[in-house]
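Participant: Sharing a structure with you now.
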Amino acid sequence: MIKEQIPAGSEPLQVPFWFDPLCPWAWVTSRWLVHVEKVRPVKADWRIMSLAYLNLEQRGGEGLSEEYRTLMENAWGSVRVCAAASEHAGPGILGPLYAAIGTRLHNQRRREDPTVIAEALAETGLPASLAGAATSTEFDQRIKESHHEAFDEVGLDVGTPVLRIGGTALFGPVLRQAPRGDAAGQLWDGLAMVAATDGFFELKRSRNAKPSFD
């Protein structure tokens with residue numbers, strides 16, 4: 001188990017985690033990883049990806065409904081603000097900013113509220129002017145470079161969340177709700193064992209429920 005592989009007192013295992021703030025499934029998994037940090041020697045390394053770039057450019061918009069296409073076109077906004085914040089304050093700001101945005105979008109169910117970005121920037125001590133990045137392409141290349149770090153490895157038939165354990169990038173785990181305490185640690189241990197298995201590719205079952213943010 002991973003907790004036995006890392007000696008006491010050593011540096012925590014850095015776990016890159018790629019997110020798009022808009023994705024509710026990534027949000028649930030990210031909150032699970034926050035709980036894992038409390039019970040295992042693990043540290044999340046928050047990184048950005050873009051569902052808009054994945055679906056509209058890399059996949060060419062194939063098979064998307066008009067409603068979902070519009071959602072993807074609007075999805076650039078929050079991840080662009082995250083990219084601008086990282087440029088302004090360094091990548092360490094991504095965790096707090098993601099938490100501030102995600103809490104409002106998902107837990108508070110304010111996905112259509114235009115004040116979410118401004119509030120999240122204020123909460124994390126960032127300049128209000130960064131909200132302007134939502135409608136600018138200035139940071140799109142930065143987003144794409146971070147995105148490719150994950151998706152060049154896991155492929156284009158998955159979405160977010162993507163995380164890397166050791167040298168292995170994986171899609172998921174996709175969770176309805178975030179396990180806490182020992183349950184969070186046990187899921188981590190199992191995922192770490194899977195990631196260490198040479199030749200492992202996929203475990204999956206169909207989703208039959210919406211994510212829960214309680």
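Just so you know, all these numbers are worked out from the coordinates, no wet-lab data involved. Only a predicted model underlies this, so the values are computations on that prediction, with no experimental measurement involved. No Cβ is skipped: glycine too gets one built from the backbone with ideal geometry, and neighbour counts run over all protein chains shown.
Participant: Which ones in the range 133-160 are outside any helix (DSSP H, G or I) and either hydrophobic (A, V, I, L, M, F, W, C) or farther than 24 Å from Trp32 by Cα (or both)?
Facilitator: Once the filter is applied, which keeps residues that are outside any helix (DSSP H, G or I) and either hydrophobic (A, V, I, L, M, F, W, C) or farther than 24 Å from Trp32 by Cα (or both), the range 133-160 yields Ser136, Thr137, Glu138, Phe139, Leu156, Val158.
Participant: Give me the pairs: first residue in the range 185-214 and within 15 Å of Val15 (Cα to Cα), second residue hydroxyl-bearing (Ser, Thr, Tyr), beta-carbon distance under 6 Å, and six or more apart or on different chains, which are they?
Facilitator: Correct list of pairs: Ala195/Thr168.
Participant: I would also like to ask the following. Do you know which residues across the range 59-96 are of a type in the set (Asp, Glu), more than 14 Å from Ile48 (Cβ to Cβ) and either in contact with a strand residue (DSSP E or B) (Cβ under 7 Å, 6 or more places away or on another chain) or in a helix (DSSP H, G or I) (or both)?
Facilitator: Glu66, Glu67, Glu73, listed by residue number.
Participant: Those residues that are surrounded by fewer than 19 Cβ atoms within 10 Å (Cβ to Cβ) and β-branched (Val, Ile, Thr), I need them from the range 17-74; list them, please.
Facilitator: Of everything in the range 17-74, those that are surrounded by fewer than 19 Cβ atoms within 10 Å (Cβ to Cβ) and β-branched (Val, Ile, Thr) turn out to be Val34, Val39, Thr70.
Participant: Can you find, within the range 85-136, the residue that is farthest from Gln177 (Cα to Cα) among those that are surrounded by fewer than 16 Cβ atoms within 10 Å (Cβ to Cβ), of a type in the set (S, T, N, Q) and in contact (Cβ under 8 Å) with a residue 12 or more places away in the chain?
Facilitator: Ser136
Participant: For the range 29-58, give me each residue that is within 19 Å of the chain's Cα centre (by Cα), among the hydrophobic types (A, V, I, L, M, F, W, C) and assigned to a helix (DSSP H, G or I).
Facilitator: Trp32, Leu33, Val34, Val36, Leu51, Ala52, Leu54, Leu56
Participant: Can you run down the residue pairs with Cβ atoms below 8 Å, 6 or more apart or on separate chains, where the first is in the range 170-183 and over 13 Å from Ser30 (Cβ atoms) and the partner is in a helix (DSSP H, G or I) and among the small types (Gly, Ala, Ser)?
Facilitator: Close Cβ pairs (under 8 Å, with a partner that is in a helix (DSSP H, G or I) and among the small types (Gly, Ala, Ser)) amount to Leu170/Ala195.
Participant: While we're here: Pick from Leu163, Leu130, Leu121, Leu170: which is closer than 17 Å to Ile48 by Cα, in contact with a His (Cβ under 7 Å, 6 or more places away or on another chain) and either in a helix (DSSP H, G or I) or of a type outside the set (S, T, N, Q) (or both)?
Facilitator: Leu130
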